[in-house]
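Worksheet: the structure to be examined is printed underneath.
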Amino acid sequence: MPTIAVAGASRGIGLELIRQFSAGGWRAIGTSREMAKGSAISAAGGEVYLCDVTDAASVARLGKGLAKETIDILVCNAGIYGPRDWNLGNTDYAAWAEVMQTNLFAPLRAIEALVEPVARSNMRTIALMSSRMGSIADAGGNNVIYRTSKAALNALGKNLAIMLAPRGINVVSLHPGWVRTDMGGPSAAIAVEESAAGLKKVLTGIGPGDTGKFFNYDGSEIAW
């Protein structure tokens, strides 16, 4: 039975990935900061591991708990948006640091902790949940805090793809679309079920020729 692990799976896209992969016959592992919220992962058919991905000691415990497992697909999904009212001259640097801690540092911590279980699997895939807003080619001149965190995440993914290629590990960045979640809001374009279904299809089709790429949830490639 193949295994997917989703870091940040107690709600939204992460939780729906757990539900859809579990329904498809996969072993699905999801992390949650709180056991109360982790019950949603269990209800979706997944195994719950408590982990605060922004805390180094918590991620280290996760790595120790999964050290002997095999993980075919690792999805680094946890993320926050940060201030939505950014303007030049009105930068909340403490909030920016918090966004970078969650959107950039946390995924790398998870990868460092779980790269060995991924390396011993058949699919050997690591996916970073990014956003089209992190595309430099598609820069919008606003929402700089969130955009820069995702641009940095994309740069991390591109470099890890090169570093891990000799081990046969594929690393991709993903854009889930503008999804009706807590972050995306009720006016977003697509339902979480549609996004997760597309992401599932992309994730299960990743091969060596795809490593280092940036994919939309519908499988199309996005410019860096």
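The values are calculated or read from the model by the stated rules, or taken from the named source; none is laboratory data. It should be emphasised that the depicted structure is a prediction, and the values quoted were computed from it without experimental measurement. Note that we place each Cβ from the backbone using ideal geometry, even for glycine, and neighbour counts take in every protein chain shown. SASA here: full protein model, heavy atoms, side chains in, ligands and nucleic acids out. Shrake-Rupley method; radii C 1.70, N 1.55, O 1.52, S 1.80 Å.
Observations on the model:
- For residue 217, nonlocal amide neighbours, meaning residues 5 or more places apart or on other chains whose placed amide H falls under 5 Å from its own, are 175, 177.
- Accessible surface of residue 164 - all protein chains present, 1.4 Å probe, nearest 10 Å²: 20
- Reported to the nearest whole Å, the Cα centre-to-centre distance from the range 18-85 to the range 175-224 is 18.
- Accessible area per residue in Å² at 1.4 Å probe, computed on the range 50-204: 46
- Rounded to the nearest 20, the Cβ-based charge dipole of the range 123-224 about its Cα centre (Lys and Arg +1, Asp and Glu -1) stands at 300 debye.
- For the chain, the extents of the C-alpha atoms along the principal axes are 51, 40, 34 Å, listed from largest to smallest.
- Whole-Hz ³J(HN,Hα) from phi, Karplus 6.51 cos²θ - 1.76 cosθ + 1.60, for the range 19-26, glycine and proline x: 4, 6, 5, 4, 5, x, x, 8
- Here the relative contact order of the range 119-161, from alpha carbon pairs under 8 Å that lie six or more residues apart, stands at 38 percent.
- Size of charge dipole - the chain - debye, nearest 20, with Cβ of Lys, Arg +1 and Asp, Glu -1, no other charges: 380
- The 3J(HN,Hα) values that the Karplus relation (6.51, -1.76, 1.60; θ = phi - 60°) gives for the range 201-215 are, in residue order, 5, 5, 4, 6, x, 5, x, x, x, 9, 4, x, 9, 10, 10 Hz. Gly and Pro appear as x.
- In the assembled protein chains, residue 204 presents an accessible area of approximately 60 Å² (probe radius 1.4 Å).
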